[in-house]
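Please read the structure below before turning to the comments.
The values are calculated or read from the model by the stated rules, or taken from the named source; none is laboratory data. All figures in this text were calculated on a predicted structure; none of them were measured in a lab. Here the Cβ is made from the backbone with ideal geometry for all residues, glycine too, and neighbour counts use every protein chain on show. These accessible areas exclude ligands, DNA and RNA; they are computed on the full protein's heavy atoms, side chains included. Shrake-Rupley method; radii C 1.70, N 1.55, O 1.52, S 1.80 Å.
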Amino acid sequence: MGDDLMIKNWSSGREIKVLAQHICMSVLKAQRVIDQIRGRSYEETLMILELMPYRASYPILQLVYSAAANANHNMGLNEADSFISKAEVNRSAIVKKLRPRARGRSYPIKKPTCHITIVLKEKSKS
């Protein structure tokens with residue numbers, strides 16, 4: 001993660017949507033972690049993310065924490081009664097740099113970034 005992390009929040013009905021933009025990570029690496037947490041409860045998601053050995057799990061864990069805190073503060077929802085209803089990763093801009101090489105040439109370095117969206121929903125009481 002870097003200083004360019006941007007988190008946006010939306011709430012509609014009984015769900016909270018959180019979007020983190022420009023995460024310096026490949027979409028496939030983030031997708032590998034997101035696929036594991038989609039549809040799971042909040043506590044189960046935290047346990048999975050804390051024990052995963054991937055670098056992508058830390059920004060996703062921060063995002064889930066943020067979504068739960070916003071749900072609790074803004075809407076009064078209990079974290080224990082919520083689950084990840086939707087989680088997706090989208091491609092973002094590619095940061096391009098030039099690395100100097102031998103004989104005055106340059107070599108392009110492409111660093112992919114991604115947008116991560118997580119929707120936290122309250123479980124139905126029925």
May I ask you to give the solvent-accessible area per residue for the stretch 33-114, in square angstrom, as obtained with a 1.4 angstrom probe?
64
Reported to the nearest 10 Å², HIS73 has, with a 1.4 Å probe, an accessible area equal to 150
From the protein chains alone at 1.4 Å, what is the descending order of accessible area for VAL33, VAL27, largest first?
VAL27, VAL33
Of the labelled options (i) 1.10; (ii) 1.02; (iii) 1.04, which one gives Rg/Rh (Cα atoms, Kirkwood Rh) as computed for this structure?
(i)
The helix 57-75 Cα axis meets the longest alpha-carbon principal axis of the chain at an angle in degrees, between 0 and 90 and rounded to 10, of 40
With axes computed from alpha carbons, what is the tilt in degrees of helix 42-51 against the longest principal axis of the chain, rounded to the nearest 10 within 0 to 90?
30
Given a 1.4 Å probe and the protein chains all in place, what does the accessible area of LYS96 round to, in Å² to the nearest 10?
150
Heads up, I need the accessible area for ARG40: 1.4 angstrom probe, whole protein in place, Å², nearest 10.
80
Tell me, what is the percent relative contact order of the chain, built from C-alpha pairs under 8 Å that lie six or more residues apart?
34
What full-extension length gain, to one decimal in nm, is calculated for SER26 and LYS110 as 0.36 nm per residue of separation minus the Cα-Cα distance?
29.2 nm
Listed residues SER124, SER85, SER57 arranged by accessible area, highest first, probe 1.4 Å:
SER124, SER85, SER57
With a 1.4 Å probe and every protein chain kept in, tell me what percent of the accessible surface of the chain is carbon plus sulfur.
50
With +1 on each Lys and Arg Cβ and -1 on each Asp and Glu Cβ, how big is the dipole of the chain about its Cα centre, in debye rounded to the nearest 20?
1140
Lysine pairs within the chain, Cα separation less than 25 Å, 8 or more sequence positions apart or different chains
24
